[in-house]
1. Look through the range 38-61, keep the residues that are among the basic types (Lys, Arg) and in contact (Cβ under 8 Å) with a residue 12 or more places away in the chain, and return whichever of them is surrounded by the fewest Cβ atoms within 10 Å (Cβ to Cβ).
2. Name the single residue, out of those in the range 99-130 being assigned to a loop (DSSP other than H, G, I, E, B) and among the charged types (D, E, K, R), that is farthest from GLY166 (Cα to Cα).
3. Of all residues in the range 149-158, which are in a loop (DSSP other than H, G, I, E, B) and open to solvent by less than 10 Å² (accessible area, probe 1.4 Å)?
4. Of the conditions (1) among the hydroxyl-bearing types (Ser, Thr, Tyr); (2) modelled with pLDDT of 85 or more; (3) more than 16 Å from VAL30 (Cβ to Cβ), THR141 clears all except one; give me its number.
5. Just to be sure I understand, how many residues within the range 22-35 are under 16 Å from TYR144 (Cβ atoms) and either touching a residue at least 24 places away in the same chain (Cβ under 8 Å) or loosely packed, with under 13 Cβ neighbours inside 10 Å (or both)?
6. Would you mind stating whether THR146 is under 23 Å from PHE50 (Cα atoms), surrounded by 14 or more Cβ atoms within 10 Å (Cβ to Cβ) and of a type outside the set (A, V, I, L, M, F, W, C)?
Amino acid sequence: GNMWDLIVMAILRSFESCPEDMSRVGDTCVDVYEAPNIKDEKPLIMKTAFEAESWCEDKGKRLCTMNEWVNACEGTYKEVPKLIPNSGVVKSPGVCNNDKSWILPSERALTRHGMREAMREELRLWQGEPSGHRLGCVSSTGVYDTIGNVEEWVKTKDGFGYALMGHYWSKASLTCKDRVT
């Protein structure tokens, strides 16, 4: 019946190889690096969920679901990270880009003024690094920077909403399940 066809297709898909710049995560392929998925390139930032979704579609891809994101992230830390008391900073400095001090943004500069002021504020806030810069910040599936560096859009469980995962700018991401909705 129809159910068996779906199961067989899912099994066959799990054996297909992924493109060179993607990693197999369950029955799907996930970009190895943050968008634009190029090692040592500055990741894309300050995009809406709709812009991110459109960017993916233009490349024949789609946003990860939350579950796919968590699966792609698992194993990033070799041990459970611990916080330095009252700081929000991970005790594993240098592993992932989530150990810097948070900078308070000016919402006014980002949203109510011209593009030049917004770009100046973006530069002031920037603490990101080129994708794949920290070689130890890689998951067991070979995906880099899922914890820290920049936030990435994912589809929520219901499939109609969006969340930011792997965040750093709003608070240090400590686990693969941390998200901002």
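1. Here is the first cut: in the range 38-61, the residues among the basic types (Lys, Arg) are 39, 42, 47, 59, 61.
Narrowing the set further to residues that are in contact (Cβ under 8 Å) with a residue 12 or more places away in the chain leaves 39, 42, 47, 61.
On the way: LYS39: 12, LYS42: 15, LYS47: 15, LYS61: 17.
Top of the filtered list is LYS39.
2. Initial filter on the range 99-130 (assigned to a loop (DSSP other than H, G, I, E, B)): 99-106, 112-114, 126-130.
From what is left, the residues that are among the charged types (D, E, K, R) are 99-100, 112, 129.
Values: ASP99: 13, LYS100: 15, ARG112: 27, GLU129: 14 Å.
Among them, the one singled out is ARG112.
3. First, pick out the residues of the range 149-158 that are in a loop (DSSP other than H, G, I, E, B): 149-151, 156-158.
ASN149, VAL150, listed by residue number.
4. All conditions pass for THR141, except number (3).
5. Taking the range 22-35 first, the residues under 16 Å from TYR144 (Cβ atoms) are 22-25, 29-35.
If we keep only those that are either touching a residue at least 24 places away in the same chain (Cβ under 8 Å) or loosely packed, with under 13 Cβ neighbours inside 10 Å (or both) too, we end up with 23-25, 30-35.
Counting residues in the range 22-35 that are under 16 Å from TYR144 (Cβ atoms) and either touching a residue at least 24 places away in the same chain (Cβ under 8 Å) or loosely packed, with under 13 Cβ neighbours inside 10 Å (or both) gives 9.
6. On the way: under 23 Å from PHE50 (Cα atoms): yes; surrounded by 14 or more Cβ atoms within 10 Å (Cβ to Cβ): yes; of a type outside the set (A, V, I, L, M, F, W, C): yes.
When the stated conditions are applied, THR146 passes them.
The values are calculated or read from the model by the stated rules, or taken from the named source; none is laboratory data. This is a predicted model, so every value here is computed, not measured. Glycine gets a Cβ as well: all are built from the backbone with ideal geometry, and neighbour counts include every protein chain shown. What goes into the accessible areas is simple: the full protein's heavy atoms, side chains included, and nothing from ligands, DNA or RNA. Shrake-Rupley method; radii C 1.70, N 1.55, O 1.52, S 1.80 Å.
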